[in-house]
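What follows draws every value from the coordinates through simple rules; no lab data is involved. These figures come from a predicted structure and were not determined experimentally. Methodologically, a virtual Cβ is constructed for each residue, glycine included, from the backbone with ideal geometry; neighbour enumeration extends over all protein chains shown.
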Amino acid sequence: MHESFPAENNQQNTAISSLYPQIVGKSRILLDVFEIVKKVCNTNTTVLIQGESGTGKELIAQALHYGSERRNGPFVPVNCGAIPGELLESELFGHEKGAFTHAIRTRLGRFELADGGTVFLDEVAEMSPMLQVKLLRVLQEKQFERIGGTKTIISDFRVIAATNKDLGEEVNAGRFREDLYYRLTVIPINVPCLRDRISDIPLLVDYFIKKFNKSKKKSISGISQEALIHLERYPWPGNVRELENVLERMVLLSGKALLDSDDLPQRIFKSERRMRQTDKIPPEGFCLSEQVAEFEKRLIIQAMLQTNWVKNQAAKLLNVNRTTLLEKMKRYGIEKEE
């Protein structure tokens, strides 16, 4: 018998909305983000999405686009940090034939291609000062010229930008234009890091197990409570993207029907040892109520394991009555698989 978190028991309410099935979770901090998304998605207002790498900023941008009246128009992403500065201008604005060496044909830019839809400028903080000036003009006038062209092009698009940097600090350091900063931050959305929504980890694990069962042709039934506790204790510097990669590795390499602690990468355990040695509040802080809830959940699971899942004994061990214990187990989804 194994104590486990079965994938099939958590199919309801894992996605924040049926319209956005890839945004998984129901923590208060994530629901607050989505409340903003619902309020502003059906407007043309510029939005700046901020958050650490791997938190799902592009998913939020897609939610804004596909939840709006522009949903039938194109969603055009541009990674400003992955395209060299000299090529990014052409990517954004397009160019005329003969505008520069190797410009053998006219090319439409992303702003032009996004007519009727949305341009998503990822890593906007990496944009050069020259392009920042041009972007400011585009945001103000919604018109531009292709490189080497003289014709003014008008395009109806919405701009959503994202960055993993603090744009306010970038402005203070002189690396980002203040006027562009205020133009982009009409509606700021801060996407929480995974360590601030630990209660969503079981739902995300369930989602990724299902996803990789399908793509890798596997039949993993779930994950043990012990392994799940280790995942919840890990700080996830790479956020949801890192969790996804860990689950892909576990599903792919495990030869068992139920994932357990033996399937976890060693860095998970090394991080736990470091955290025990330096148990401090991180500089960015955290959500106290969620941390307390997760600590309580872990104690209940440890008590159940220690008493071989005899609830009366576990209640005595925790110095609570049995009814309280049962209510908390139901709230946290703690159960034993026979």
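Taking the Cα centre of the chain as origin and charging only Cβ (+1 Lys, Arg; -1 Asp, Glu), how large is the dipole, in debye to the nearest 20? Taking the Cα centre of the chain as origin, the dipole is about 520 debye. With springs only between Cα atoms under 10 Å apart, run a GNM on the chain and tell me which of Thr46, Thr152, Thr163 wobbles the most. Between Thr46, Thr152, Thr163, it is Thr152 that shows the largest mean-square fluctuation.
Please report Ile301, Ile223, Ile154, Ile198 as a ranked list, fewest other C-beta atoms within 10 angstrom at the top and most at the bottom.
Working: Ile301 19, Ile223 28, Ile154 10, Ile198 23.
So the residues, fewest neighbours to most, are Ile154, Ile301, Ile198, Ile223.
Each Cα pair under 8 Å and six or more residues apart adds its sequence gap; the mean of these over the residue count of the chain is a relative contact order of 22 percent.
Between Phe295 and Thr185, the contour length at 0.36 nm per residue exceeds the alpha carbon distance by 36.0 nm. On the basis of the beta-carbon distance and an R0 of 41 Å, Arg249 and Thr150 show a calculated FRET efficiency of 0.15. Summarising the label geometry, the points placed 7 Å from Cα in the beta-carbon direction at Thr45 and Leu108 lie 3.0 nm from one another.
Rounded to the nearest 0.05, the FRET efficiency derived from the C-beta distance between Lys216 and Asn321 at R0 = 41 Å is 0.35.
Counting alpha carbon pairs within less than 8 Å and at least 6 residues apart, what relative contact order, in whole percent, applies to segment 197-268?
On the way: 65 pairs, mean separation 29.8, N = 72.
Reported as a whole number, the value is 41 percent.
Result for the chain in a Gaussian network model with C-alpha springs under 10 Å: among Gln50, Gln225, Gln140, the largest mean-square fluctuation is at Gln140. The calculated FRET efficiency for His230 paired with Ala173, based on their beta-carbon distance and R0 = 41 Å, is about 0.60.
Relative contact order of segment 136-212: 19 percent, from C-alpha pairs under 8 Å at least 6 residues apart in sequence. Relative to one another, the C-alpha centroids of segment 197-276 and segment 48-76 are positioned 26 Å apart. Just checking the listed ones, Gly85, Gly174, Gly67: in the Gaussian network model of the chain with Cα springs under 10 Å, the one fluctuating most is Gly174.
With charges only on Cβ, +1 for K and R and -1 for D and E, what is the dipole size of segment 21-92 about its Cα centre, in debye, rounded to 20?
Numbers: 7 positive and 8 negative charges, 100 e Å.
Its charge dipole is roughly 480 debye.
Annotation: the residues His65, His102, sorted from fewest to most other C-beta atoms within 10 Å of their own C-beta, follow the order His102, His65. With a cut-off of 16 Å on the backbone N, the residues of segment 33-49 near the modelled label site 7 Å out from Glu69 along Cα-Cβ are 39-46.
Here mean projected area of the Cα convex hull in nm² was calculated from the structure, and among [x] 25.5; [y] 20.7; [z] 18.8 it sits at label [y]. A Cβ-based charge dipole, computed about the Cα centre of segment 28-191 with Lys and Arg at +1 and Asp and Glu at -1, lands at about 460 debye.
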